[in-house]
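Take a look at the structure set out below.
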Amino acid sequence: MGNNLSLSSPPSPASSSHHSRAAGPMLLPVRRPHVAPSRAASPRHVSSSLGPRSRQVDRALRGSTVARASPAATEAAAAGLGRRAVLGMALAVSLSAPAYCRAPPPSSALTEENLLFLEAWRAVDRAYYDKSFNGQSWFRYRERALRDDPMNTRQETYAAIKKMLATLDDPFTRLLEPEKFKSLRSGTQGALTGVGLSIGYPLALKGSPAGLSVMSAAPGGPAEKAGIVSGDVILAIDDTSAQDMDIYDAADRLQGPEGSSIDLTILSGADTRHVVLKRERYTLNPVRSRMCEIPGSEDSSKIGYIKLTTFNQNAAGSVKEAIKKLRENNVKAFVLDLRNNSGGLFPEGIEIAKIWMDKGVIVYICDSRGVRDIYEADGASTIAASEPLVVLVNKGTASASEILAGALKDNKRAVVYGEPTYGKGKIQSVFALSDGSGLAVTVARYETPAHTDIDKVGVTPDRPLPASFPTDEDGFCSCLRDPASCNLNAARLFARS
């Protein structure tokens, strides 16, 4: 799925990225709450996990009101789940309870189920990016829930937690029961069993179909082999309507035992069809690369094509390796293809930006009061800051992919081709709870270096791509050899004007 989860992003998001996963959260790495004896465990506050190159913004700046986020809240669910679940560092601001709030019952009066509920409550209290909690008193909600909601069994406690999270009206802040949490973590590490789909919530446009949108199909996976492409809509999974289905529920349904089958009802354009897919287990290699040449020119015509399909834990290292191998073939320019990449781990997106940039802001991290953190390139991780660079994007580019594309565009490090991207502008962090479940929490929204809030809007490319432009490395090289076949001016590919 495609949200930006940070498994915290590994929470990223939705998204934004695993296959057979929700397009969703950009993910920060998973955080494990500290458990104190005889007390409800509370997640530790985690500062930026990317080291000193991210600086904390002064308190005065935190109160600024730059580029407020859009009120619409239809994002894909990353990581590569995609609106992929992306989980990254927990960008949590720890707030103490006001002195006038009534204290909760003494720990001796709380059951094990109450303590688990309080773990979840405290994770949201400390990390959630909107400190109005959707216009409610978060402390009073805690008191009412402990008093009124049944929590005698684990399922009742999960129901109470889900009821609490529903009051935030945020589809990306959600409970991940133990099996789903385990599946999410394995997806960000690259091992998956499913049909190879990254899914998300459709944008809330008038007349848009009800269901779940396909962000991308994994190359060579069952869904791609069946002809399912970005932009298709899943109307039903095994005869269960997807109209009101949560993307994480959908991702759970899409995964299953290797060799088992699943029946999908797919809307492709105006055509509806039924597709039966067999689940496969595979390891995601996030990068494919190839050296291409423009005929009739000198050594400077050698171009390195890099296709980045997801931001899992191997992504940054794989991009570096691809660059090194392509340089062995004396390439003088690069094309970075982010089309149908629905996101994944937030830290990997930052590290890949640093590969291409020796200086400049990569992204601003914001909460409801304004800018909170700035991530910048300082040259320490840079290996390809000078060669001409083109970035390819489309409507399936989401979450961590949008951070990367926005950073390269706004810093004028690359020329961006394609169509407006998905518009996944929030980051989730996942907290591990003491019973093996997890809690994905929206911890921040982000702005590009030009202070563009891309949520529900996307990154606008510098230039469009021809409709006939190929989507794979072989097709790209063929296009360079015969530009007329894909309506491309190869000689002007890297030109800014």
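No value in this document is a laboratory result; all are computed from the given coordinates. Since we're looking at a predicted model, the values are computed, not measured. We place every Cβ from the backbone using ideal geometry, glycine too, and count neighbours over all the protein chains shown.
Evaluate the Kirkwood expression for the hydrodynamic radius of the range 299-381, namely the inverse of the mean inverse distance over all pairs of different C-alpha atoms, and round to one decimal in Å. Don't jump to the answer; show the numbers that get you there.
Working: mean 1/r = 0.0705 Å⁻¹.
After inverting the mean inverse Cα-Cα distance, the result is 14.2 Å.
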field: Among F334, P347, L408 - extreme Cα towards positive end, dipole of the range 299-447, charges at beta-carbon
entry: F334
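Rounded to the nearest 5, what % of the DSSP beta bridges within the range 415-497 are antiparallel ones? Let's see the in-between values first.
Values: 7 of 8 bridges.
Rounded to the nearest five, the antiparallel share is 90 percent.
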- line: Residue separation between T153 and T382 times 0.36 nm, minus their alpha-carbon distance, gives in nm 77.2 nm
statement: Here, A166 and D435, labelled 7 Å along Cα→Cβ, have an inter-label distance in nm of 1.8
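Is the shape of the range 260-413 rounded, prolate or oblate, going by the alpha carbon gyration tensor and its root eigenvalues a ≥ b ≥ c, with a/c under 1.5 for rounded and a/b larger than b/c for prolate? Let's see the in-between values first.
Values: a/c = 1.98, a/b = 1.24, b/c = 1.60.
Oblate is the answer for the range 260-413, as a/c is 1.5 or above yet b/c matches or exceeds a/b.
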query: Hey, what did the range 211-287 get for relative contact order, percent, Cα under 8 Å, at least 6 apart?
result: 29
message: Calculate the FRET efficiency for E143 and T272 from the Cβ-Cβ distance with a Förster distance of 45 Å, rounded to the nearest 0.05.
response: 0.35
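Step through the table entries K225/K325; K180/K395; K180/K424; K307/K412; K332/K424; K307/K354, compare each Cα-Cα distance with 24 Å, and write down the pairs that go over it.
On the way: K225/K325 29 Å; K180/K395 27 Å; K180/K424 22 Å; K307/K412 20 Å; K332/K424 33 Å; K307/K354 17 Å.
Among K225/K325; K180/K395; K180/K424; K307/K412; K332/K424; K307/K354, the Cα-Cα distance tops 24 Å for K225/K325; K180/K395; K332/K424.
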